[in-house]
Amino acid sequence: MITAPDGVEFRPLTFPPSVDDPHAADFVAMALIRNLVYAEVSGHDDHRMSPAELLPNFAPDPAQLRYVWLVLVDGDPVGRIGVDIPQEAGSRIAYWLIELRRSVWGRGIGSAALALVEDTARAHGRTVLQTWAEHPPAAGERLEAPTGYGSIPRDHIARFLLKRQYRLEQVVRVSALDLSGGLPRVREMLEKATEAAAGYRVVQWRLPTPPEFADGYAWMKSRMNTDAPAAGLDFDEETWDAERVARHDATIVDAGRTALVTAAQHLDTGDLVAFNELVVNRDLSEATHQYDTLVLSDHRGHRLGMLVKCAGLLAWREVAPRSPRVITYNAEENRPMLDINEAIGFAPIAYEGAWKRVLTDS
């Protein structure tokens, strides 16, 4: 049994049917603390989600088990702990997060929270633990990614993880595209990509996914863990079908958020072979987040990545014309996708470290 420091409580959450439910107070507190921590780390509110927008992400899902604890100090919410347990057959992986207000750092809360994370993983037979953390710019010693691409400061979070036998496996670049000046370069690049992508056409839809695209979209989503650069991280090969696509779509649609999927369709076969996702909160004037982008490995070399990104961005100006920017994440070693982003005008704004530990019996 994990013992928290004096005055500290790790309160397990149950997920209410709505944020107006009489028992939703802890979930609402967790969502608000999440936003505060993200703003402290990043210096902006572009990652903000209201409790109502966040709640559908915690709906029951046969693809994973989700555990969340609200962290309280003397009764006041100060952070959260999360553990996700994928349900793919034979999975050894658990994903986790510990997010605490800086005002409570150095009190042993993080160490006790990590012990809870690792006990939860062991209880489910998981031995590979992985987490991602943003590392704001800082002077001093840096830690190089073993991929040879990118580095992060050896900051408080890095020292915490290194001391507990976690290894930095990958550096992820967070980039933003300013939408305020229009997208003239994107139009030019779309024309060139369209010429290079002879034999393909662009198809687009807003979530929920139309039935005619569900199977193709499912197959592409299943390839995200196998076809994207993973460095030394472990990922399960996921099984997706139309039912899982519907659950995925519901996490966005049920929250009142808007998402546009732009895909490339191979004309000879009718197969969907590349895609890009853009998502914004209920308030269409907030920042847009680019979720997954992928070109299936058998169809690379036709500028399909540029095609779906540019077509998506141009269509997005009709969907959310007041959204000020788009934020995206890419592994630093994913040079082909970064080349596309840089050509479009994305610029780096932050870096994340992807961390891994393999548990032993000790």
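Readers should treat all values here as calculations from the given coordinates under stated rules, not as data from a laboratory. Nothing here was measured: the structure is a model prediction, and the numbers come from that model. All Cβ positions, even for glycine, are placed from backbone atoms using ideal geometry, and neighbour counts span all protein chains on display.
Distance between Cα centroids, segment 120-181 to segment 85-100: provide it in whole Å. The two parts, judged by their Cα centres, are 17 Å apart. Available extension along the chain between residue 349 and residue 76 is 95.1 nm, counting 0.36 nm per residue and deducting the alpha carbon span. Listed by chain and number, the aspartates and glutamates whose alpha-carbon sits under 14 Å from that of residue 309, ignoring those within fewer than 8 places in the same chain, are 188, 191, 277, 292, 339, 342. If the Kirkwood radius is taken over C-alpha pairs of the chain, then at 4 °C and 1.567 mPa s the Stokes-Einstein diffusion coefficient equals 60 µm²/s.
Computed from the C-beta positions of residue 250 and residue 132, the FRET efficiency with R₀ = 22 Å rounds to 0.35. Cross-link reach is defined here as a Cα-Cα straight distance under 18 Å, omitting same-chain residues fewer than 8 places apart; for residue 163 the lysines meeting it are 356. Where the alpha-carbon atoms of segment 153-199 are placed on the principal axes, they occupy 52, 31, 11 Å, in descending order.
Within segment 229-299, the ratio Rg/Rh, alpha carbon atoms throughout and Rh by Kirkwood, equals 1.02.
Rg/Rh for segment 307-354 (Cα atoms only, Rh after Kirkwood) is 1.00.
For segment 176-350, the equivalent ellipsoid derived from the Cα gyration tensor has semi-axes of 22, 20, 17 Å, listed largest first.
Panel order for 163, 356, 309, 192, by other beta carbons found within 10 Å of each beta carbon, from fewest to most: 163, 192, 356, 309.
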